[in-house]
1. May I ask you to list the residues in segment 81-96 that are open to solvent by less than 60 Å² (accessible area, probe 1.4 Å) and out of contact with any helix residue (DSSP H, G or I) (no Cβ under 9 Å at 6 or more places or on another chain)?
2. Could you look through segment 39-72, keep only residues that are surrounded by 15 or more Cβ atoms within 10 Å (Cβ to Cβ) and basic (Lys, Arg), and pick out the one that is nearest to Tyr98 (Cα to Cα)?
3. Just to be sure, is Thr66 under 16 Å from Ser128 (Cβ atoms) and out of contact with any Lys or Arg (no Cβ under 8 Å at 6 or more places or on another chain)?
4. Which count do you get for residues in segment 30-84 that are over 13 Å from Leu114 (Cα atoms), in a helix (DSSP H, G or I) and in contact with a strand residue (DSSP E or B) (Cβ under 8 Å, 6 or more places away or on another chain)?
5. Might you check whether a residue that is in a strand (DSSP E or B), among the small types (Gly, Ala, Ser) and either more than 11 Å from the chain's Cα centre (by Cα) or buried (at least 20 other Cβ atoms within 10 Å of the Cβ) (or both) occurs anywhere in segment 117-127?
6. Quick check: anything in segment 89-105 out of contact with any His (no Cβ under 7 Å at 6 or more places or on another chain), hydroxyl-bearing (Ser, Thr, Tyr) and not in a strand (DSSP E or B)?
7. Quick one: which of Ile89, Ile127 is under 20 Å from Gly5 (Cα atoms), without any contact (Cβ under 8 Å) to a residue 40 or more places away in the chain and in contact with a Leu (Cβ under 8 Å, 6 or more places away or on another chain)?
Amino acid sequence: MNIFGIGTDIVNIKRLQKSLKKNGNKFKNKVFTQDEITYCESKKNSSAYYAKRFAAKEAFVKALGTGFRKNITFKNIVISNNNYGKPTINIKGPVNSYLKRKIKNKKYKIYLSLSDDLPWAQATVIISHNK
C-alpha cells in the first residue's frame, strides 16, 4: 500500500462559532451537506462538531494536493460517523473523479482522525492506494 497524500488542519472553535452566528445558514449551506448540518445541530456543543468537519474537509484537500479548485467543493466532501462513532470521509462528484484519475483507478482508502479540545478542533487525513 502506498500513501498518496497526508493532510492536517486545525480550527479555532470559537472563531468558527462566530462565523456561524454572523453568517448562519449561508455559511452552513455553503460548506456542509444537510446530513452534516442535522448531525452537528443534534449535538450539545454543535460548534465543535462543525469545526471538526470543517477541519476534516480542509485536511482532505491538503492530502489530495489541490485545495478547493478544479470543481472540488466543500459539499463534495462529506464527513460522517459509523455506528461506533468512527469518523469517515465520503467523496462524490468531481472529487471522486479527480482522485481516481490521479491514482490511475487503483483502489484507495481514506483515513480520518478528528479531535477537539476547546478552543481547538483538529483533523488528519491520509489517502492510500494499492500498488
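1. Step one: list which residues in segment 81-96 are open to solvent by less than 60 Å² (accessible area, probe 1.4 Å), which gives 81, 85, 87-89, 91, 93-96.
Passing the criteria: Gly85, Thr88.
2. Per the criteria, the residue is Lys62.
3. Taking the combined requirement at face value, the residue does not satisfy it.
4. Number of matching residues: 8.
5. Yes - at least one qualifying residue is present in segment 117-127.
6. Checked against the condition, which is being out of contact with any His (no Cβ under 7 Å at 6 or more places or on another chain), hydroxyl-bearing (Ser, Thr, Tyr) and not in a strand (DSSP E or B), segment 89-105 yields at least one hit.
7. The match here is Ile89.
The values are calculated or read from the model by the stated rules, or taken from the named source; none is laboratory data. On a predicted model such as this, the values are computed, not experimentally measured, just so you know. Every residue, glycine among them, receives a Cβ derived from its backbone with ideal geometry; neighbour counts consider all protein chains shown. The accessibility values were calculated without ligands, DNA or RNA, using every heavy atom of the protein model including side chains. Shrake-Rupley method; radii C 1.70, N 1.55, O 1.52, S 1.80 Å.
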